[in-house]
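Participant: Shown below is the structure under consideration.
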Amino acid sequence: YEVFTYMFRTHLPEVPDEVNYFLSGGFAGMLGWAMAMPLDVPKTNIQSRYDTKVVGSYFPELLKIGRERGIVGLYAGLGPTLIRAFPANAALFLGVETGKKMFDSFLWSPP
């Protein structure tokens, strides 16, 4: 998130802060999910089956996906996940940064 906000401030200084927070949060969320997806797919497969052991199923499932579908199989469902991640994280970071600004102005404003 901080890298994205820095890049927007450096290369597009005319962009308002709120737009910067929104876009940076959205892109950071998408990047985070793109990195986490290979670890999430085996977990989701295990959770969606009714006959799976609770303990000891993750790594065999990870290897099974790798063998059967390759590395691409670990990114199953990435498109919808990224589409969902952008607005959710954009709103989250915009809300946090706006709330932080409001709180700071209320707390530190001169009487």
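Participant: Arg67 passes all but one of (1) farther than 25 Å from Val3 by Cβ; (2) open to solvent by less than 40 Å² (accessible area, probe 1.4 Å); which number fails?
Facilitator: It fails just one condition, (2).
Participant: I'd like to verify a number: residues in the stretch 73-108 that are surrounded by 13 or more Cβ atoms within 10 Å (Cβ to Cβ), under 30 Å from Leu63 (Cα atoms) and touching a residue at least 24 places away in the same chain (Cβ under 8 Å), how many?
Facilitator: Counting residues in the stretch 73-108 that are surrounded by 13 or more Cβ atoms within 10 Å (Cβ to Cβ), under 30 Å from Leu63 (Cα atoms) and touching a residue at least 24 places away in the same chain (Cβ under 8 Å) gives 9.
Participant: Hey, another quick one. Please determine, by comparing only the residues of the stretch 15-63 that are in contact (Cβ under 8 Å) with a residue 60 or more places away in the chain, of a type outside the set (Gly, Ala, Ser) and open to solvent by less than 70 Å² (accessible area, probe 1.4 Å), which one is nearest to Leu78 (Cα to Cα).
Facilitator: Result: Leu23.
Participant: Right, next: So which residues in the stretch 92-111 are of a type in the set (Asp, Glu) and over 21 Å from Phe27 (Cβ atoms), if there are any at all?
Facilitator: Answer for the stretch 92-111, where residues must be of a type in the set (Asp, Glu) and over 21 Å from Phe27 (Cβ atoms): just Asp104.
Participant: Now, a different point. Give just the number: which of (1) in contact with a helix residue (DSSP H, G or I) (Cβ under 6 Å, 6 or more places away or on another chain); (2) outside any loop (DSSP other than H, G, I, E, B); (3) closer than 30 Å to Gly99 by Cα does Glu61 not satisfy?
Facilitator: Among (1) in contact with a helix residue (DSSP H, G or I) (Cβ under 6 Å, 6 or more places away or on another chain); (2) outside any loop (DSSP other than H, G, I, E, B); (3) closer than 30 Å to Gly99 by Cα, Glu61 violates only (3).
The values are calculated or read from the model by the stated rules, or taken from the named source; none is laboratory data. Note that this is a predicted model, so its numbers are computed, not measured. Positions of Cβ are backbone-derived with ideal geometry, glycine not excepted, and every protein chain shown enters the neighbour counts. Accessible surface is based on the protein model in full, side chains and every heavy atom, while ligands, DNA and RNA are left aside. Shrake-Rupley method; radii C 1.70, N 1.55, O 1.52, S 1.80 Å.
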